[in-house]
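Undergrad: I'd like to ask some things about the structure below.
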Amino acid sequence: MASLSLSSAHFSSSRSSVSTSSLSPSSPSLPLLRSPIRHRHRSLRRLTSFSVVPHRTSHSFSICNSQIRCSVAEPLKVMISGAPASGKGTQCELIVQKFGLVHISTGDLLRAEVSSGTDIGKRAKEFMNSGSLVPDEIVIAMVAGRLSREDAKERGWLLDGFPRSFAQAQSLEKLNVKPDIFLLLEVPDETLIERCVGRRLDPVTGKIYHIKNYPPESDEIKERLVTRPDDTEEKVKARLQIYKENSEAIISAYSDVMVKIDANRPKEVVFEETQTLLSQIQLKRMIKTVMLIMKQVLADKASPVQDKWRGIPTKLNNIPHSRDIRAYFYEDVLQATIRSIKDGNSRLRVDINIPELNPEMDVYRIGTLMELVRALALSFTDDGKRVKVCVQGSMGEGALAGMPLQLAGTRKILEYMDWGDDETLGTFVKLGAIGGKEVDEEDDMFILVAPQNAVGNCIIDDLQAMTNAAGKRPVILINPRLKDLPASSGIMQTMGREQRLEYALTFDNCYVFRLLYYLGTQYPIIGALRMAYPYRYELYKRVTEENGKEKYVVISTYSERPTPEQINDAFSGKSREQSKKSSGFWGFLSSVLS
């Protein structure tokens, strides 16, 4: 028999909204059910009216009548660049004043580190004293340290004139420092030169004037003004040339979020455009967050029980299952899959684990899984669809060549199965492997039989190539196992692991059915977890009545796949508030081992 504790190690936990019924089973706590993957409902079954009230100061909003308040998910992250005298400093000052961002300038950071005598400051001072440029690694470490502070995380940041080279941009990318927007201030060269050459410094106050655009307030101040050494026409042209060479490389790094702004206008006009751009980003985030909350609220209001569903069959402990029980589950899977495809979903995942469908325990049971695949394929061919049923081929080369034991001989089983009319197999149903080259133009949809990694070989790359080639055509995974299986060297655990697991999450569960047991046991069945698209996850307890008959009673419903802790809490009868704190022996084990 299958057990949730044995076969779902590849699942990841998710947040859920739980609605527990008044039933409070007295059975003991369920220990250590491993974390399941999150299901993301994409369709909203019913619409409810909401009114959104923005709050400018706190960047938060409330949904009236629902008593929900939520802050914008992330603060603004802005980079600004511009040639000398482009007005960058003025715009930074206005942006900080309006949006409250943390202003980060590498020049200011360097001076602060040096004056504080930090290790970075000491290293930087050595280069500065020798007249050399401070190396990128020091500047990057300094910027990264500033960005990691709490004020920058909470309020957002404005990175002023940095990065200045493509290498610096790449270093920030590796540190996952990415801006929401990259503002590029553009001013004609002749204007920039005129602005620089006309600048004057008051050595007493440190204030900057311009002989034409911003003259001093009195003759006394005018008399003591000096020209900065780097504000000569020759040096300004040299600085502009260096800026242009660097900016071209930086532009390529941030082209997807870059906005060019005509800064050859009054500062108020330039800031009006800048303010609009940043406010639009905040508004989009606010709308996205509102939609997520609306989706959650509507999901909570959805009916927890599927209409016209007959409930979970009994005597599932008895194996092999009767043909009626198998056909019952096949129809349940089929209807959920059809509903999901009709709603426009194209990347689907079916996870069904009844004893008859667990080839991990006995390889012969792969035949029952093939029967499910055949039932799905023939149903779609009845609608004129051309279905390609795919089983992964041998993976790797030489001594590493092989395939998962559970799939050995599966292709032959499919070939020998009864597909009805002689023309069905080969015309409406074709057999293939998993990979981009297997996708033909005439294929309407694809059913992939238990795709899984073999030791030392990853199926994800072939799977991703196939889904890319399939485009918007439905791809249905039947009982996939997409967790990483490391080779003896352990390389597969680390190289590209995050990307592979992220791709695996792009498939939406359209059907889930899993029997539940106590950890480490395969008997008796204590309950079941079921979800059939687009309905909620339903948690059932198996109950034996006085007459000896059994039935499955729903004890909780969830808008997303529940975590093991939530399942344990539901079976032990804990309320939502009680479940927030694990206590006792099992609570301790859950916190350490789950």
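The values are calculated or read from the model by the stated rules, or taken from the named source; none is laboratory data. In this text the structure is predicted, and so the values were computed from the model without any measurement. For neighbour counting, all protein chains shown are included, and Cβ atoms are generated from backbone atoms with ideal geometry for every residue, glycine included. Just the protein is used for accessible areas: all its heavy atoms, side chains included, with ligands, DNA and RNA removed. Shrake-Rupley method; radii C 1.70, N 1.55, O 1.52, S 1.80 Å.
Undergrad: So which pairs qualify, if the first residue must be in region 342-370 and among the hydroxyl-bearing types (Ser, Thr, Tyr), the second must be in a loop (DSSP other than H, G, I, E, B) and modelled with pLDDT of 90 or more, the Cβ gap must be under 6 Å, and the two must be at least 6 apart or on different chains?
TA: Listed by first residue and then by second, the contacts come to Ser346/Lys472; Ser346/Pro474.
Undergrad: Among the residues of region 119-140, write down those that are open to solvent by 50 Å² or more (accessible area, probe 1.4 Å) and not acidic (Asp, Glu).
TA: Passing the criteria: Lys122, Arg123, Lys125, Phe127, Met128, Asn129, Ser130, Gly131, Ser132, Leu133.
Undergrad: Looking at (1) surrounded by fewer than 18 Cβ atoms within 10 Å (Cβ to Cβ); (2) of a type outside the set (A, V, I, L, M); (3) at pLDDT below 85, can you tell me which one Arg481 breaks?
TA: Going through the list (1) surrounded by fewer than 18 Cβ atoms within 10 Å (Cβ to Cβ); (2) of a type outside the set (A, V, I, L, M); (3) at pLDDT below 85, Arg481 breaks only (1).
Undergrad: While we're here: Being part of a helix (DSSP H, G or I) and at pLDDT below 85 is the requirement here; does Ile221 meet it?
TA: No, not satisfied.
Undergrad: Which residues, counting only those in region 99-111, are assigned to a helix (DSSP H, G or I) and under 31 Å from the mean Cα position of the chain (by Cα)?
TA: Answer for region 99-111, where residues must be assigned to a helix (DSSP H, G or I) and under 31 Å from the mean Cα position of the chain (by Cα): just Phe99.
Undergrad: Step by step: first the residues of region 244-277, then only those that are free of Cβ contacts under 8 Å to residues at least 24 places away in the same chain and part of a loop (DSSP other than H, G, I, E, B), then the one that is most open to solvent (accessible area, probe 1.4 Å). Which residue is that?
TA: Asp256
Undergrad: Could you tell me how many of the residues in region 216-243 are without any contact (Cβ under 8 Å) to a residue 60 or more places away in the chain, open to solvent by 50 Å² or more (accessible area, probe 1.4 Å) and under 18 Å from Gly87 (Cβ atoms)?
TA: 2
Every residue, every condition in (1) of a type in the set (Val, Ile, Thr); (2) within 20 Å of Thr557 (Cβ to Cβ); (3) in a loop (DSSP other than H, G, I, E, B); (4) modelled with pLDDT of 85 or more, yes or no:
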| residue | (1), (2), (3), (4) |
| --- | --- |
| Lys295 | no, yes, no, no |
| Pro304 | no, yes, yes, no |
| Asp324 | no, no, no, yes |
| Thr337 | yes, no, no, yes |
| Gly344 | no, no, yes, yes |
| Asp351 | no, yes, no, yes |
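Undergrad: Suppose we keep only residues that are among the aromatic types (Phe, Trp, Tyr) and either outside any strand (DSSP E or B) or open to solvent by less than 10 Å² (accessible area, probe 1.4 Å) (or both) within region 527-572. Which one would you say is nearest to Val350 (Cα to Cα)?
TA: Tyr533
Undergrad: Would you point out the residue of region 121-142, among those that are among the β-branched types (Val, Ile, Thr) and within 35 Å of the chain's Cα centre (by Cα), that is farthest from Ser81 (Cα to Cα)?
TA: Here the answer is Ile138.
Undergrad: Could you list, in sequence order, the residues of region 463-478 that are open to solvent by 10 Å² or more (accessible area, probe 1.4 Å), over 12 Å from Phe507 (Cβ atoms) and touching a strand residue (DSSP E or B) at 6+ places or on another chain (Cβ under 9 Å)?
TA: Passing the criteria: only Arg473.
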